[in-house]
1. Output the qualifying pairs, or none if there are none: Cβ atoms under 6 angstrom, residues six or more apart or on different chains, first residue in region 28-47 and open to solvent by 10 Å² or more (accessible area, probe 1.4 Å), second residue of a type in the set (D, E, K, R) and assigned to a helix (DSSP H, G or I).
2. Go through region 106-208 and tell me which helices (runs of 4 or more DSSP H), entirely inside it, have 3 or more residues that are under 30 Å from Gly427 (Cα atoms).
3. What is the one condition in (1) closer than 22 Å to Gly136 by Cα; (2) touching a Leu at 6+ places or on another chain (Cβ under 7 Å); (3) modelled with pLDDT under 90 that Gln152 does not satisfy?
4. Against the condition under 20 Å from Thr166 (Cβ atoms), assigned by the TED database to the domain that holds Tyr449, open to solvent by 10 Å² or more (accessible area, probe 1.4 Å) and at pLDDT 80 or above, how does Val324 come out, does it pass?
5. So which residues in region 50-86 are open to solvent by 30 Å² or more (accessible area, probe 1.4 Å) and not in a helix (DSSP H, G or I)?
6. Those residues that are at pLDDT 90 or above and either farther than 21 Å from Ile458 by Cβ or under 15 Å from the mean Cα position of the chain (by Cα) (or both), I need them from region 124-140; list them, please.
Amino acid sequence: MYASREDIGYDFGDDSKVGSKPIKPNPNIDGGWAWMIVLSSFLVHILIMGSQMALGILNMEWLEEFNQSRGLTAWVSSLSMGITLIVGPFIGLFISTCGCRKTAIIGGILNALGWILSAYASNVHYLFLTFGVTAGVGSGMVYLPAVVMVGQYFQKRRALAQGLSTTGTGFGAFLMTALLKYLCIEFGWRNAMFIQGAISLNLCVCGALMRPLSPKDIVSEKYVVRSNSEDNQAKALSHSAETIKSNGALSEEPEKKEEATNEEVLDSVQHIEIGGKSRSGRNMYGLRILKTVSQLTVTVRRGFAIWYSSYFGAASLFTNRVFVAFIIWALFAYSSFVIPFIHLPEIVKQYNLSRQNNIFPLTSIIAIVHIFGKVILGIISDLPCISTWNVFLMANFTLVTCILTLPLMQTYVSLAVVCALIGFSSGYFSLMPVVTEDLVGTKHLANAYGIIICANGISALFGPPFAGWIYDITHKYDFSFYISGLLYMVGIIFLLIQPCIQKKQPREKSTEEAQV
């Protein structure tokens with residue numbers, strides 16, 4: 001996930017001179033327009049994540065319409081969900097160049113276009129391009145700015161703000177499941193997708209609400225946090241100083257040289273333009289185009305430098321064994337949460353439980369309980385006597401147990417209980433930023449969390465098609481849940497093993513030194 005230094009909330013530079021000046025804090029930080037940003041992010045989660053969690057309804061319609069295998073058809077949903085997360089690090093380049101507001105508005109148009117074009121699909125492969133790629137990239141272009149802007153506008157209440165905005169996923173899954181089911185029954189799936197495309201244009205409104213902070217506001221934000229959080233800054237510095245020295249990001253001197261050369265180019269163009277005015281008016285148009293292209297080139301190069309240093313300048317992250325184990329866990333974990341949303345409607349149909357499911361869909365049960373799970377697990381993990389890491393692991397164990405036992409349930413009540421447990425235990429998503437910060441420190445939080453999200457996207461990309469492919473071979477969904485649950489368990493085991501290894505290593509060193 002892209003974020004600059006201001007997004008993280010601490011300035012690790014050496015600006016002691018400026019820091020001594022008293023600067024009045026911006027009233028929009030932790031208040032004022034910041035809550036409009038939370039509302040915007042909340043609506044983005046409803047329209048994007050919520051609609052993606054309701055794709056099981058459309059998946060059944062596509063199976064009946066195109067008569068393709070379940071594995072092939074599931075690629076449509078998984079492409080949209082996976083690409084939304086996978087493109088996150090690359091959307092950061094657009095944010096660095098164009099800003100969050102423009103990126104979100106363009107993404108909203110692209111997402112709506114993907115939904116509308118998918119209404120005219122003649123085969124599944126057409127949906128791969130229109131819905132999977134087009135709508136998926138558009139979703140990623142809106143989702144990432146929605147998360148980044150909340151980080152920019154909040155400092156003291158950042159956890160609360162992110163928690164409130166991400167609850168839109170649960171609300172959206174409940175609302176969009178009911179909406180898509182109603183639209184498909186009343187108007188057919190093609191018109192339903194067309195109407196959903198029109199609704200998705202509201203993402204442009206959400207993007208317009210993402211008013212950027214001025215550089216002055218960002219600077220004042222940094223220094224207010226610095227004056228109130230010197231102890232936290234010292235801890236974060238001591239935590240990551242060695243890794244930064246050993247690996248480091250891009251050096252500042254080449255950037256300064258590049259900026260100087262770029263400014264010289266622009267100045268030379270301006271001098272040529274002034275001379276052109278006196279000589280001939282015919283060259284003015286060409287000179288203005290040259291000046292515009294030069295300015296655009298400078299903007300793109302600066303944005304690329306920020307993006308590159310933000311993601312690829314943090315090579316020290318991969319020297320952390322626990323973080324690498326966390327990435328392996330993320331590659332297996334998210335698919336276990338996504339597979340039920342895509343294939344549960346088909347499972348209910350096979351068990352002849354459609355009548356009960358129409359009254360209260362199982363996916364809606366997951367979505368509603370998921371909201372409470374996020375809040376309750378967050379409150380529990382904030383207790384001073386409770387370890388966030390232990391809460392995170394317990395929630396994972398509960399979720400993997402539910403995934404493994406779900407195929408054994410063949411009544412609506414038993415399925416509803418398991419789905420409620422899946423929704424509650426999957427509330428650990430709200431703990432992922434906290435756990436990531438504990439592993440890598442505050443400085444590398446944004447970069448590390450972006451890598452974790454990308455790994456989740458890969459998991460969402462291959463999970464549902466894999467489950468459909470297993471069904472095409474065995475004609476049962478049982479093995480799909482068993483295999484995904486076992487792979488999920490492997491990821492959890494990696495999380496358990498690595499901390500034990502790191503604890504043993506210092507002890508071995510101390511015994512060797514004692515012998516010497």
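1. So the pair list comes out as Ile29/Glu221.
2. Of the helices (runs of 4 or more DSSP H) lying wholly inside region 106-208, those with at least 3 residues that are under 30 Å from Gly427 (Cα atoms) span 136-153, 158-166, 168-187, 189-200, 202-208.
3. Of (1) closer than 22 Å to Gly136 by Cα; (2) touching a Leu at 6+ places or on another chain (Cβ under 7 Å); (3) modelled with pLDDT under 90, only one is false for Gln152: (1).
4. The answer is no for Val324.
5. Across region 50-86, the qualifying residues are Asn67, Gln68, Ser69.
6. Of everything in region 124-140, those that are at pLDDT 90 or above and either farther than 21 Å from Ile458 by Cβ or under 15 Å from the mean Cα position of the chain (by Cα) (or both) turn out to be Val124, His125, Tyr126, Thr130, Gly136, Val137, Gly138, Ser139.
The values are calculated or read from the model by the stated rules, or taken from the named source; none is laboratory data. Note that the structure is a prediction, hence the values are computed from the model and not measured. Ideal geometry is used to build each Cβ from the backbone, glycine not excepted, and the neighbour counts take in all protein chains shown. These area figures cover heavy atoms from the full protein model, side chains too; ligands, DNA and RNA do not enter into them. Shrake-Rupley method; radii C 1.70, N 1.55, O 1.52, S 1.80 Å.
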